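Bear in mind these aren't lab numbers, they're just calculated from the coordinates by the rules spelled out. The structure presented is a predicted model; accordingly, all values stated were derived computationally and were not measured. Every residue, glycine as well, gets a Cβ built from its backbone with ideal geometry; the counts of neighbours run over all protein chains shown.
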Amino acid sequence: MDDLKTTLDTLDEEDKQALAAFIQRQKQKAFRKDLELLHLLQLPKPLTSDQIIARLYKNDPNPVAYYALRKRLMRHLSDFILLKRMAEDTTASAPIMGMLALARYLFEVRLDKLAWAYLRKAEKLAQANEQFDLLNTIYNLQIEKAENEFADDLDLIISKRNENKLGADEEERANIANSIINKRLRDVRKQGSDVHFGRIIQEVLKEYGLSEAVSKRPALLYKLMSIARSAILAGKDFLSFEPYIIKQYHETEQQYGFSKANQYYKLSLLYMIAHVLYRNKKFTESVHYLEQLKAGLEGDGKGHYAHFYPRYTFLLVANLIFLHRNDDAIKLMEHLLHKAKLTLSTKDQLTAQLGLSFSYFTQGAFGKANRVLMSIKRSDKWCESKMGREWILKKNLGEMIIQLELGNIDLTLNKIRSIERVFKDLLQQPVYSNVNRFLDLIKVLIDNPQAVTTPAFMQHVEEKLAYTTFERTDIQEISFYAWLKSKMYSRSYYEMLLELGSGADAIVEGQEV
């Protein structure tokens, strides 16, 4: 495996172009071998080392020069990724590290007064953002330079350092607790047991003396809720997570509040709450929390606008569809994709395209829905590296249904066979059991379309699909089920989706949804 190529392949096209420009940052040249190597490593068909050497050094193949060139390109890549991560850092660690580096440089060139000024700025910012490790580094440098005429009192510095050590120790215990909680939740999922995440979390927090610290420190609360949410997303048990995260959020907000430095965590928690409410079909309540999120983006959290606004839009659009406002949902998504003065990340771009396609489909505009998906000029394998397999599965299911609506039976059957082959391992998992059954029902629908509206087929569907109650059925599964049911009852898809989304119909015989 070529580690350099593997690392380069993690970059999207925009980042690869930025890397090429970064390599030329110090001296522009019409021809550079490191840029040529970068291009050769990105060719669709991978080249061997010998082939690359032959192309780089046509007249005199030079393996020694080639490996030196690889090291230079890797240094460029490492520096580029470091600066990129610092630019994307949502915490204050990047500017603090920058001030620390500048202070060290200023000490070296004997500009001590200015160096101490930057050290104090770094300390203040690190304190406000609970950056305990960086604070420790700052205090150690202050102690080292304590004899300087511009220095603070040494006893005061040592006192602050010792106090910071307590916070750092708490941070370390929290990291250990997070890892243990994560492991226990994974073990429970593997055993197939119910995930009593609240009890597991409280037991570990008590063991490490962190019960009160979580409410005081939004960063710890955010980490814990992220871990619990991951367990919920894997098992799709959203009902039990909803009251837990809402209770934890409001306890922190009422008792301690969220400082300006903690807005990222506040916005993240608000998004988690809005998301779980949506998945539990509480659309109006979800929008209520999204409104709080948007107010935060327009207030103290405006520095996080680019990160959160696309997510806010995606979730608001999803809610609006179930609130009889699909036209508004389409306008919002079109604006985000084409008119918003915001550069979308690759993940956000793909999410927006899939979301807009679904909204068009809901409207009955199947051609538009198909064109949006066709505008994704990337292979499924590439998209999977960015979005994950479940996202690709949803995209493929959407493409299959669109082709069926457009009357392209052969393309539909090809897509079904492709899904069954590519996602065979995924579809064997219990949480995806209905996908296999759904595909089988589509085949029946294609083979005998006249039978779809018969009582026999309806009974077959009810027996085939393993739904329990409306409250415990994932809303994304309902979206697919609503399409099938619209065919059975000869009604519009959107009408049936709204009916099921409001819980007004039955998913299984004799039970309310």
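Results, tabulated for the structure shown:
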| read-out | value |
| --- | --- |
| Helix 132-144 axis, angle to the chain major axis (alpha carbon atoms, nearest 10°) | 10 degrees |
| Ranked 134, 125, criterion: other C-beta atoms within 10 Å, fewest first | 125, 134 |
| Difference of contour (0.36 nm per residue) and Cα-Cα distance, residue 94 to residue 143 | 15.4 nm |
| Residue-by-residue Karplus 3J(HN,Hα) for segment 148-162, coefficients 6.51, -1.76, 1.60, Hz, glycine and proline x | 5, 5, 9, 6, 6, 4, 4, 4, 5, 4, 5, 4, 5, 4, 5 |
| Label-point gap, in nm, between residue 102 and residue 446 - each point 7 angstrom along Cα→Cβ | 6.3 nm |
| Computed FRET value (nearest 0.05) for residue 50 with residue 374, which takes r as the C-beta separation and R₀ as 35 Å | 0.35 |
| Calculated SAXS-style log₁₀ I(q)/I(0) at q = 0.05, 0.11, 0.12 Å⁻¹ - the chain, Debye, Cα scatterers | -0.27, -1.16, -1.28 |
| Residue 459/residue 86 FRET efficiency (R0 56 Å; Cβ-Cβ; nearest 0.05) | 0.40 |
| Neighbour-count order for 333, 99, fewest beta carbons within 10 angstrom listed first | 99, 333 |
| R0 of 45 Å, Cβ-Cβ distance residue 490-residue 187: FRET efficiency to nearest 0.05 | 0.40 |
| Estimated distance in nm for a label pair at residue 226 and residue 328, the labels positioned 7 Å out from Cα along Cα-to-Cβ | 3.2 nm |
| Burial order of peptide ranges 254-266, 108-120 (average beta-carbon count within 10 Å, highest first) | 254-266, 108-120 |
| Fewest-first ranking of 483, 382, 391, using other Cβ atoms within 10 Å as the exposure measure | 382, 391, 483 |
| Euclidean distance of C-alpha centroids, segment 102-132 and segment 137-172, integer Å | 12 Å |
| Burial order of peptide ranges 435-445, 156-166 (average beta-carbon count within 10 Å, highest first) | 435-445, 156-166 |
| By average C-beta atoms within 10 angstrom, highest first, the peptides 361-367, 217-223 | 217-223, 361-367 |
| Spacing of the two label points (7 Å from each Cα toward its C-beta) at residue 111 and residue 62, in nm | 4.0 nm |
